[in-house]
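Throughout, read-outs are computed from the coordinates displayed, never taken from laboratory work. Quick caveat, the model's predicted, so the values are computed rather than measured. FYI the Cβ positions are ideal-geometry reconstructions off the backbone, even for glycines, and counts take in every protein chain you see.
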Amino acid sequence: MYTDSHCHLSFPELVSQLPEIRKSMLEAQVSRALCICTTMEEFDQVHHLAMTHNNFWSTVGVHPDNEDIYEPSVQDLLIKAKLPRVIAVGETGLDYYQMQERKGGRTIDDMDWQRDRFRTHIRAAQQAQLPLVIHTRSSSDDTIRILKEEGEVGDSNSAGGVFHCFTETQAVAKAALDLGFYISFSGILTFKTAQDLRDVAAWVPLDRLLIETDSPYLAPVPYRGKTNNPSYVPYVAKILAELRGMSPEQIGELTSRNFDRLFSKIHTHD
């Protein structure tokens, strides 16, 4: 019934607990999960999860936070994107917050390497005809600008994709939607301090909504501060259901249909 559209099951704190997590997913009616790649070095492990379990899929990409790792070319990404059960390119995007916090005094102008990497991923997604999984933090203006400059305008030549773990304003959501993207919400929706985000979630069109855990991070209330896992994604659906006057089950079915529509390549590997 429920689909976790973004999780990191290859991370040590989750992969070591995978049998228990899969059991918990079954009990919580979480039928599927998209396992997200964050470095090229990690790809084989992420892909192995998808090849080993028929309800997991994989992406290929390099997270904008990551430095001192293999920097893929468009061709590198395309080779991996053509493999079975790889259904998206990412996660990719821009993160000025982490980079400025981590390296004191670094300016946005110093982060051309992030913008170049993002463009590489967009071009690979367009050539592979796969959607993008977008991460944006303290960088939404540049994220939207670069997508437009690379031809992501919602037409047949665009890759499209999803703005994952959305934490931005309604204006940013509208800009993403206008480019044909989906919006995915995480356990942050359950946090007391997240009323502004709940207002955005109440506004996003139902046919563009996705839900996720971003596990092992951002566990929803009542598990906040604990290690997150895909079996907790119904807590995100519950908040969305309250906001939209629906049942959690209806949100689960609706977001799963949206997942199918966006990541249509899953049907070639079922």
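Points to keep in mind about this one:
- Neighbour-count order for W57, W203, fewest beta carbons within 10 angstrom listed first: W203, W57
- Order of D142, D207 - criterion: other Cβ atoms within 10 Å of each residue's Cβ, fewest first: D207, D142
- Taking 0.36 nm per residue of sequence separation and removing the Cα-Cα distance, the D141/N157 pair yields an extension gain of 3.5 nm.
- Euclidean distance of C-alpha centroids, the range 133-178 and the range 182-199, integer Å: 18 Å
- From the Kirkwood radius over Cα pairs of the range 180-234, Stokes-Einstein at 20 °C and 1.002 mPa s returns a whole-number translational diffusion coefficient of 185 µm²/s.
- Our helix-only sum for the chain, with -39,500 (n - 2.57) per DSSP H run of n ≥ 4 divided by its residues, gives a mean residue ellipticity at 222 nm of -12000 deg cm²/dmol.
- Cross-link partners of K192 among lysines (Cα-Cα below 23 Å; sequence separation of 8 or more within a chain): K226, K238
- For the range 103-191, the set of trypsin sites (Lys or Arg not before Pro) satisfying both a DSSP loop assignment and a count of at most 16 other C-beta atoms within 10 Å is given as K103, R106.
- For the range 46-88, the residues whose amide N sits under 16 Å from a probe point set 7 Å from the Cα of Q98 along the beta carbon direction are 60-72.
- Whole-number D in µm²/s for the range 105-234 (Stokes-Einstein; Kirkwood sum over Cα pairs; 37 °C, 0.692 mPa s): 210 µm²/s
- Normalised by 2.2 N^0.38 Å, with N the number of residues, the alpha-carbon radius of gyration of the chain equals 0.93.
- The residues neighbouring G180, those whose beta-carbon lies less than 11 Å from its own, together hold a net charge of -2 under the Lys/Arg +1, Asp/Glu -1 convention.
- Here the residues E91, E41, E253, E168, ranked from fewest to most Cβ neighbours within 10 Å of their Cβ, fall in the order E41, E253, E168, E91.
- Binned Cα-Cα distances of the range 39-126, short to long, each 10 Å bin given as a whole percent: 17, 46, 27, 10, 1
- Gained length - D65 relative to M246, 0.36 nm times residue gap less alpha-carbon distance: 61.5 nm
- The Kirkwood radius of the range 27-76, taken over pairs of alpha-carbon atoms, gives through the Stokes-Einstein law at 10 °C and 1.306 mPa s a diffusion coefficient of 133 µm² s⁻¹.
- Gyration tensor over the Cα atoms of the range 135-176: the corresponding equivalent ellipsoid has semi-axes (square roots of 5 times the eigenvalues, largest first) of 18, 11, 9 Å.
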